[in-house]
Protein chains: 2
Amino acid sequence: MSFSNSDTTSLDAENLDSIYGKGAYKYKSLNDKNTFVFSQSKPFDLIELEQLLQSVGWSRRPIRRVKKALDNSLLKVGVWRHDPKFPRLVGFARCTGDGFLEVTIWDVAIHPVYQGFGLGKQLMTYVLSQLKKMKISKATLFADAGVLEFYKSQGWVLEPKGKKCAFWYAN
Amino acid sequence: MSFSNSDTTSLDAENLDSIYGKGAYKYKSLNDKNTFVFSQSKPFDLIELEQLLQSVGWSRRPIRRVKKALDNSLLKVGVWRHDPKFPRLVGFARCTGDGFLEVTIWDVAIHPVYQGFGLGKQLMTYVLSQLKKMKISKATLFADAGVLEFYKSQGWVLEPKGKKCAFWYAN
C-alpha cells in the first residue's frame, strides 16, 4: 500500500477539482506524455493569456479591456498542461452572446508547441458540450483562413446559405 | 398664435422623449410622408417584433427565449413609424458581445413596406454611433447573401483576411 505519490503528473478526481475547479475535464493525449485539463473556473493570469493569444499570431490588446471582456463572456475555457504546482495555460476559448438565441465563440487558440495532439478538437468538443448544457442549439464563429478545414471536419457549416462575415472598424 | 396642433405627425423634442424614451432620434425620409423614430428605450411588444422579423423571411423563434435573449443584449434598437398614439415597429437591430472587445449585430430588419426609404442605412448608422459612444472600435455581423452590397457600401469589410463565418447546429 502506497501512502505517497511520487508521480507528479497523476491527477485524481479530488485533485482535479481542487486545482482546476468544479467541472474540470482531464485529457491524456495519446501522442504526448503530458496530461491536459479543460477548466471553466480556474482563474486566468491575463498576461499569460495574452501571451498565449500572441503566440498564435494575434495582436496585442489592452489588458484592462481584456479583463472586462472576459468578465462579460458567457463561457471561458482554459486548457492547462497539468502540473500540481505550476499548471501552464496552453489553450483557450471563450463565448459571448445572449445565452439563448445567439452565441459566438472567440479567441480559440492552442499554443504552437502543443498543437498536433488533438487539443484543439478536444477544446471545441468541450465548449460545445457546455453550450448544449445551456440548451443552446446554434453557435457561430469567424474562422481564420488557415483553420477552415479544422472547423469543417468537426461539423461546422461554412457560410450557410451564402452568408458572409462582415467586420466594421471605427475610423 | 396657435394653441392647438392638429398635425398628429408633428413631433417636438419633448414628445419624442416622452413617447420613445431618452436618446431617441427622429428621421424624416425624403421619399415618404412618415416620420420615423429610432429608440433604444421604448419597450417592444415581442409578438410585434417577431412578426417584423418574420416579414423579412426569418423563422419563428420561441417567444420566451427571445425575451431572455433581448434581456441579455448589449443594445436593442427599434425603428418606429411615428404616431402619437400607436407607434408601429417597422425596423429592428440588436447587439450582443462583451462590450469591450467583441460586439456582434443581429436581427437587422426593416419591414418590406418601409424598405427603400433609407431606413436600413440610417438604422446601421444609429447602431454604430451608439457603439462608438461605448468606445467600441470593431463590430461584426453575419450578412445574408442578399445584403452583402448593402453592408459593403457602408464601409463594412467582407471576409477580412479570408475569414469565413461558421455555424454549428446542435444535432
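The values are calculated or read from the model by the stated rules, or taken from the named source; none is laboratory data. These figures come from a predicted structure and were not determined experimentally. As a convention, Cβ positions derive from the backbone with ideal geometry for all residues, glycine included, and neighbour counts pool all protein chains shown.
Miscellaneous remarks
- Residues in region B:160-171 that are at the interface with another protein chain (Cβ under 7 Å from one of its Cβ atoms) and either touching a residue at least 60 places away in the same chain (Cβ under 8 Å) or not small (Gly, Ala, Ser) (or both): B:Pro160, B:Lys161, B:Lys163, B:Lys164, B:Cys165, B:Phe167, B:Trp168, B:Tyr169.
- Region B:12-25, residues that are buried (at least 17 other Cβ atoms within 10 Å of the Cβ) and free of Cβ contacts under 8 Å to residues at least 60 places away in the same chain: B:Leu16, B:Ala24
- Test: A:Leu123 is outside any loop (DSSP other than H, G, I, E, B), buried (at least 21 other Cβ atoms within 10 Å of the Cβ) and touching a residue at least 60 places away in the same chain (Cβ under 8 Å): yes
- Residue list for region A:59-95, restricted to those being assigned to a loop (DSSP other than H, G, I, E, B), away from chain B (no Cβ under 11 Å) and either under 21 Å from A:Gln122 (Cβ atoms) or modelled with pLDDT of 95 or more (or both): A:His82, A:Asp83, A:Pro87
- Selected residue (criterion: modelled with the highest pLDDT) from residues of region B:5-35 that are among the aromatic types (Phe, Trp, Tyr) and within 16 Å of B:Lys76 (Cα to Cα): B:Tyr20
- Count - residues of region A:126-159 that are of a type outside the set (Ser, Thr, Tyr), surrounded by 14 or more Cβ atoms within 10 Å (Cβ to Cβ), facing another protein chain (nearest Cβ under 7 Å) and part of a helix (DSSP H, G or I): 2
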